[in-house]
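Data block below; observations after.
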Amino acid sequence: MELKQTSLFHRDFTLVVIGQVISLFGNAILRFALPLYLLRQTGSAALFGAVGAAAFIPAVLCSPIGGVAADRVNKRNIMVALDFSTAGLVLVFTLLLSWAPLVPLTAACLMLLYGIAGAYQPAVQASIPLLASPEHLTSANAVINMVGTLSGLLGPVTGGVLFGALGIQPILWVSMGCFFLSAVMEIFIHIPHRPQAAAGGVLPTVRRDLRESWRFVRRKRPVFLSVMLVLALFNLVLSAALIVGIPVAVVQVLNMSDSRLGITQGAMGLGGLCGGVLTAFLGARLRLRRGGLILLAASLTAAVMGLSLLPGVPPSAGWWAVTVMSFAVMILSTMLVVVLSAAVQGQTPPELLGKVMAFIMAVSNCASPLGQAVYGALFEGCPAWAVLLGAAATAAVTALYSRRVFRALGG
């Protein structure tokens, strides 16, 4: 399957980028507002963590299915259908919000939202090598990651302002419009597609394709298994702590406003954007073998957050420390994700890429729901500073172990 374009920003890649900006902005503003709305209404960190954990499970389960679909169905059609479906989901949630029980309704909406996103991202990831030539692969991954982090920057900031001033309803209508507009735009994208023969039905085809991707990883790229283990451990001990801990720290421990939380989470988006720009600038000079050092630095940012929440630290200073460290940790994680994605894409045959990427995403993220549930309970019953310092120490041990794994993958 030959690429017709040699420049990176040709028509189809540009349309994918713009569509991602719009769609992911709608997703970011919604993912910010719904958990915050639940936390404000219930005041329970444990419930906040449990709902977040439940929402993550469909993303893990749907990612492999999305990977199979990405290798067999036109990737443009997957993006269009799922964006239209998400717009419909938000509409249903909006209509039910005034009379349905809040907790199960919010949990169901977040579970469906994350499940759709889990099925959606393999199509985007698998389309990158089809729209970018090999010499532009790292830069293309950096651009796509910058799109996600730009949306992650604008979404929470916009969501914090809208939520603090007008409540949840405007956010629902804005996100609904984003998904609809993105779906319409994606209709005009052309992504090269070569149909593959089915195995006699949907379930047999899914089983066969997943077995095929597993055989490839186990027999030809066993280092992928070690990478998945490292990422799963890091998601369990650190990512989950920050997903639950940052809103709890800002809203409950430091007693800051919704707008301040929006700024903090917007700083994470800005950090991801800067990390993508830095990675695109460095290109091949950024070596995967340094991934362990990147994870170790990320562990240190969580330690600083924990220290900033110690008794006696002024709330304003604590908020600034949490915000700056949120910015820093996203720079580091984005750099690692971009380089790791390019390495996997470069070592995987095109006909297996969607499944293998989805398989890695699913295994890497499978520990996050458990981590979020555990951290929700820990933040409910323990000082936030102690929880974050413990998470940082455990993550540092994982980072030291990961150094040999990333060296093996990077060659």
For the chain, whose charge dipole is built from +1 on Lys and Arg Cβ atoms and -1 on Asp and Glu Cβ atoms, the candidate among Ser175, Ala298, Ala54 with its Cα farthest towards the positive end is Ala298
Note on the stretch 46-96: alpha-carbon gyration tensor, axes a ≥ b ≥ c; rule is a/c under 1.5 for rounded, else prolate if a/b larger than b/c, else oblate; result oblate
Quick calc, the stretch 287-411, dipole around Cα centre from Cβ unit charges on Lys, Arg (+) and Asp, Glu (-), nearest 20 debye, gives 540
Per principal axis, largest first, the Cα atoms of the stretch 40-159 extend in Å by 51, 30, 23
The relative contact order of the chain, taking Cα pairs under 8 Å that sit 6 or more residues apart, comes to a percentage of 29
At q = 0.09, 0.12 1/Å the base-10 log of I(q)/I(0) from the Debye formula over the alpha-carbon atoms of the chain is -0.51, -0.95
Among Pro156, Ala107, Ser63, the residue whose Cα sits farthest towards the positive end of the charge dipole of the stretch 11-160, when +1 is placed on the Cβ of each Lys and Arg and -1 on the Cβ of each Asp and Glu, is Ala107
Rounded to whole angstrom, the alpha-carbon centroid of the stretch 374-411 lies from that of the stretch 9-52 at a distance of 24
With +1 on the Cβ of every Lys and Arg and -1 on the Cβ of every Asp and Glu, the dipole magnitude of the chain about its Cα centre, in debye rounded to the nearest 20, is 1240
Mean accessible area per residue over the chain (1.4 angstrom probe, all protein chains present, square angstrom) is 40
In order over the stretch 339-350: 3J(HN,Hα) from phi, Karplus 6.51/-1.76/1.60, θ = phi - 60°, whole Hz, x for each Gly or Pro, gives 5, 5, 4, 4, 5, 5, 4, x, 10, 10, x, x
Per the C-alpha gyration tensor (a ≥ b ≥ c, the square roots of its eigenvalues), the stretch 326-386 is rounded if a/c is under 1.5, else prolate if a/b beats b/c, else oblate; here it's oblate
If unit charges are put on Cβ atoms (+1 for Lys and Arg, -1 for Asp and Glu) and the dipole of the chain is taken about its Cα centre, the option from Trp214, Gly312, Asn235 lying farthest towards the positive end turns out to be Trp214
Between the Cα axis of helix 384-410 and the main Cα principal axis of the chain, the angle (0 to 90°, nearest 10) is 20
Given 217-227, 327-337, the highest-first ranking by average Cβ count within 10 Å works out to 327-337, 217-227
Taking protein heavy atoms only, a 1.4 Å probe, and rounding to whole percent, the accessible area of the chain owed to carbon and sulfur comes out at 70
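The values are calculated or read from the model by the stated rules, or taken from the named source; none is laboratory data. Nothing here was measured: the structure is a model prediction, and the numbers come from that model. Positions of Cβ are generated from backbone atoms using ideal geometry, with glycine treated the same way; all protein chains shown enter the neighbour counts. Keep in mind that these areas ignore ligands, DNA and RNA; they rest on the heavy atoms of the full protein, side chains included. Shrake-Rupley method; radii C 1.70, N 1.55, O 1.52, S 1.80 Å.
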